[in-house]
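Working notes, beginning with the structure itself.
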Amino acid sequence: MELAGATMLGRTADDGVMGLAGITKVNAVRKLHDEIVAWASTRAVAVHVPVDSPSGNYPLATRLKAKGARVVNLVAPQLWAWAPWRIKKVRAVSDVLLCLLPFEEKWFRDRGVRAKYVGHPVLSRPLDLEKMAEMRSNLAPGGPRIVILPGSRSGEVRRNARLLADVFSLIQGRHRAARAVVAASSEANAKLFRDLMGGRVPPAMNVVNAAGDHALEGAIEWSELALAVSGTVTLDCTRQAKPLIGVYRTSWIEKVLAKVVIRAPHLLLPNIIAGEEIVPEFVPYSGGAGPIAETALNLLGDGRQLARMRDDLRKVAATFEGRDPARAAAAVIARAASGEGLSNAQLDQIAG
């Protein structure tokens, strides 16, 4: 947004946090909210567009809505997974909810929220095959080839790095020619991964900063199997129909709590969209590397299973075809700024 000309009043998402760790950012976020409200007090804000993060964004949206701004939320909160009782808050704070997943529009509309499915930015942009081939050419030969996707937040990297490295070590114990690329989301997370290895990254494991142009796509394309920390990156794998295993390490206490709180049968995005488990998921997971490595080895040794997973992932990706989320969201935001109606029927006309 800054590159596109937006004026930045502050930054809250350079390294997002989840769960109890988020408490440490509360005061900083509140201070920024106060600064934004003070800024808005001298300007007529037509539309406020909170992006994701309901716990951080909804208090600010409530304050700006009271000043006359229309609120167009981009990215629906996953209430269908864990907190359907919070729907009253969404109805109160949102004039429109823009959804990234196909089933969310109906779920929220059925509960009295004006909502529109616009598509997902990861699955809506075309692949640059030439750039991907160029990136792949810089990666080591060998096989099986494993891409490790350790998460975009530093907390995710801390939780999962050692587990994922141990899984690869077990795979390499069975396949001496195995190679891994750790595709970190930033140089800071690449350094963190190396530090968590005690500075002793195995020679067969290459840690790279995949934040550059097409670096992530190239690393995924190079691989035969992805070990991915649960999150949006699983859709990057889906986009390329790349077989994967989803992982998210927690303590056993957190795992028990998650089983109590979370109502969705699946927690990995490809499985949620498919409505069935098409990808193995160890989410949440408090065990060791053995079961994950065994699942990986079984997949790598079963061509039919890999082919079936690729077909299933292609079907998931196909549900997003023909969507341009940026254009659809821009059309809705422009309509909101004009003060015109935003009923569900009107949203269908505006955003298709």
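The values are calculated or read from the model by the stated rules, or taken from the named source; none is laboratory data. The model shown is predicted, which means the values in this text are computed figures rather than measured ones. No Cβ is skipped: glycine too gets one built from the backbone with ideal geometry, and neighbour counts run over all protein chains shown.
Structure values in brief
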quantity: Candidate set from the range 142-172 (those that are hydroxyl-bearing (Ser, Thr, Tyr) and assigned to a helix (DSSP H, G or I)); member that is nearest to GLY287 (Cα to Cα); calculated: SER169
quantity: Checklist (1) among the aliphatic types (A, V, I, L, M); (2) under 29 Å from GLY199 (Cα atoms); (3) surrounded by 17 or more Cβ atoms within 10 Å (Cβ to Cβ) applied to ALA140, failing item; calculated: (3)
quantity: Single condition GLY119 does not satisfy, out of (1) within 16 Å of LEU216 (Cα to Cα); (2) in a loop (DSSP other than H, G, I, E, B); (3) in contact with an Asp or Glu (Cβ under 8 Å, 6 or more places away or on another chain); calculated: (1)
quantity: Single match in VAL207, VAL233 (criterion: among the β-branched types (Val, Ile, Thr), within 22 Å of PRO270 (Cβ to Cβ) and out of contact with any His (no Cβ under 6 Å at 6 or more places or on another chain)); calculated: VAL233
quantity: Subset of the range 266-300 (residues that are in a loop (DSSP other than H, G, I, E, B) and closer than 17 Å to VAL316 by Cα); calculated: HIS266, LEU267, LEU268, GLY275, GLU276, GLU277, ILE278, VAL279, PRO280
quantity: Single residue of MET18, MET8 found to be more than 22 Å from the chain's Cα centre (by Cα) and at pLDDT below 90; calculated: MET8
quantity: Looking only at the range 237-265, and only at residues there that are modelled with pLDDT of 85 or more and over 20 Å from ARG159 (Cβ atoms), the one that is surrounded by the fewest Cβ atoms within 10 Å (Cβ to Cβ); calculated: ALA241
quantity: Residue identified as assigned by TED's automatic domain parsing to the domain that holds PRO270, farther than 30 Å from ALA345 by Cβ and touching a Cys at 6+ places or on another chain (Cβ under 9 Å) among LEU139, LEU149; calculated: LEU149
quantity: Lone unmet requirement of (1) part of a helix (DSSP H, G or I); (2) surrounded by 13 or more Cβ atoms within 10 Å (Cβ to Cβ); (3) not polar (S, T, N, Q) for LEU342; calculated: (1)
quantity: Single residue of the range 302-339 satisfying the filter (in a helix (DSSP H, G or I) and of a type in the set (Asp, Glu)) that is surrounded by the fewest Cβ atoms within 10 Å (Cβ to Cβ); calculated: ASP311
